[in-house]
1. For the stretch 116-138, give me each residue that is in contact (Cβ under 8 Å) with a residue 40 or more places away in the chain, surrounded by 14 or more Cβ atoms within 10 Å (Cβ to Cβ) and either among the acidic types (Asp, Glu) or assigned to a helix (DSSP H, G or I) (or both).
2. With the structure loaded, tell me whether residue 32 is among the polar types (S, T, N, Q), surrounded by 11 or more Cβ atoms within 10 Å (Cβ to Cβ), out of contact with any Lys or Arg (no Cβ under 8 Å at 6 or more places or on another chain) and more than 17 Å from residue 136 (Cα to Cα) or whether it fails that test.
3. Determine which member of the set 58, 25 is of a type outside the set (Lys, Arg), over 22 Å from residue 130 (Cα atoms) and either buried (at least 16 other Cβ atoms within 10 Å of the Cβ) or touching a helix residue (DSSP H, G or I) at 6+ places or on another chain (Cβ under 9 Å) (or both).
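Read the figures in this text as sums done on the coordinates, not as results from a lab. The shown structure was predicted, so the numbers you read here are calculated from the model rather than taken from an experiment. In this analysis, Cβ positions are derived from the backbone assuming ideal geometry, glycine residues included, and neighbour counts consider all displayed protein chains.
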Amino acid sequence: MPSGQLVPMTKEIVIDGDNFSTLMGFYDEIETKLTKGLDWKIGRNLDALNDVLRGGFGVHEYEEPIRIKWLNADKSKEDLGRAETIKYIEEKLKRCDPTNIPSAEKDLELAKDGKGQTLFDVIVDIAREHENIELKLE
């Protein structure tokens, strides 16, 4: 870059694990921080989270580079850990397509055995799949 030109600043969005303790609370935090000014609510599911992270719904443009600083991530890791994951899968089983029941039941069994990804792990993976996002867990 030629001298004298300014390097554009990467937008930084801060989410705070102290502001939520459930998956629904996490969605509220994400909505508050990433979709300011919208007159509608985002979906309360992992697919909608993926879409919001892609951008174009509020504070950052589609695939615009952003940094997400997740404060109190250790608390979130615990809050969105095994117990919340089991609760999530149990709710999913109540409304999923019958063809998905065997897979969800297997996921539930793994979660109850302390295996497989937690919701926290899944959320972190979704964020890290986006090349435009730098995720900092603090």
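1. Within the stretch 116-138, 119, 120, 122, 123, 126, 127, 134 meet the criteria.
2. yes
3. Numbers: 58 fails: over 22 Å from residue 130 (Cα atoms).
Selected residue: 25, the only one of 58, 25 that is of a type outside the set (Lys, Arg), over 22 Å from residue 130 (Cα atoms) and either buried (at least 16 other Cβ atoms within 10 Å of the Cβ) or touching a helix residue (DSSP H, G or I) at 6+ places or on another chain (Cβ under 9 Å) (or both).
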